[in-house]
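A.B. asks: If you scroll down you'll find the structure; I have some questions about it.
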Amino acid sequence: MPSERIIFPPINERDRPEEIKLLLARISVIRNGCDLDLLLFLYRHPRTLLTNEQIAAFVGYEMKQIAQSLEIFIEAGLLARTQNPTHAARMYLLELNGPAGGDYKKLLESASTRPGRRSILEALRPGRSAPEGHAQNLRLVKRASGRG
């Protein structure tokens with residue numbers, strides 16, 4: 001049975017920056033351009049049999065960055081990895097099923113376009129303003145830990 005790909009409508013141009021910030025706040029595993037580009041690569045190739053070196057070459061980031069992003073995706077339950085002891089390549093399976101899957105798909109559909117990717121990378125830049133309430137939660141955690 002072939003898998004179906006659900007195409008979400010693009011994020012409304014008028015609401016793009018705020019909606020992107022809200023999506024990124026809900027999708028906390030996307031921290032930088034490497035995470036975004038790797039997840040987009042895996043979205044386009046949901047079943048991939050490659051070495052980490054090959055993934056790094058295809059995505060265009062250093063292996064260390066790719067390895068960190070892969071581990072974060074695996075820990076978050078977005079990615080499954082299997083290893084065959086006789087082969088260096090590993091099978092990666094992207095798993096976007098679940099409650100947050102729609103948010104990932106919406107963000108990735110937007111990242112598939114040049115303006116969408118640019119807007120997402122802009123929102124990921126350090127010092128970006130978090131959606132209302134998100135920054136307050138961060139301050140509360142910071143104060144509770146004794147650093148605020």
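A.B. asks: State all residues of the range 53-76 that are in contact with a helix residue (DSSP H, G or I) (Cβ under 6 Å, 6 or more places away or on another chain) and of a type in the set (S, T, N, Q); if no residue qualifies, say none.
C.D. replies: Matches in the range 53-76: Q65, S69.
A.B. asks: Can you tell me which of (1) crowded, with 16+ Cβ neighbours inside 10 Å; (2) of a type in the set (F, W, Y); (3) without any contact (Cβ under 8 Å) to a residue 60 or more places away in the chain; (4) closer than 21 Å to T113 by Cα is the one Y92 doesn't meet?
C.D. replies: Looking at each condition in turn, Y92 falls short on (4).
A.B. asks: Please find, among Q68, Q83, the residue that is more than 18 Å from L108 (Cα to Cα) and surrounded by 13 or more Cβ atoms within 10 Å (Cβ to Cβ).
C.D. replies: Q68 is the lone residue from the list that is more than 18 Å from L108 (Cα to Cα) and surrounded by 13 or more Cβ atoms within 10 Å (Cβ to Cβ).
A.B. asks: Also, I was wondering about something else. What number of residues within the range 78-97 are in a loop (DSSP other than H, G, I, E, B) and either within 19 Å of C34 (Cβ to Cβ) or modelled with pLDDT under 90 (or both)?
C.D. replies: Taking the range 78-97 first, the residues in a loop (DSSP other than H, G, I, E, B) are 78, 84-89, 95-97.
Now restrict to residues that are either within 19 Å of C34 (Cβ to Cβ) or modelled with pLDDT under 90 (or both): 78, 84-88, 96-97.
Selection size over the range 78-97: 8.
A.B. asks: I'd like the residue in the range 25-36 that is more than 16 Å from P115 (Cβ to Cβ) and assigned to a helix (DSSP H, G or I) and, out of all such residues, is nearest to the chain's Cα centre (by Cα). Spell out how you get there, then give the answer.
C.D. replies: Of the range 25-36, the ones more than 16 Å from P115 (Cβ to Cβ) are 25-32, 34-35.
Those still in the list that are assigned to a helix (DSSP H, G or I) too: 25-26, 34-35.
Details: A25: 11, R26: 11, C34: 9, D35: 5 Å.
Going through the qualifying residues, I end up with D35.
A.B. asks: Among the residues of the range 47-77, which ones are of a type outside the set (G, A, S), part of a loop (DSSP other than H, G, I, E, B) and under 20 Å from V29 (Cβ atoms)?
C.D. replies: Step one: of the range 47-77, the residues of a type outside the set (G, A, S) are 47-55, 58-59, 61-66, 68, 70-75.
Checking which are part of a loop (DSSP other than H, G, I, E, B) leaves us with 51, 61-62.
The answer is Y61, E62.
The values are calculated or read from the model by the stated rules, or taken from the named source; none is laboratory data. Fair warning: this is a prediction, and the values are worked out from it, not measured in the lab. Positions of Cβ are generated from backbone atoms using ideal geometry, with glycine treated the same way; all protein chains shown enter the neighbour counts.
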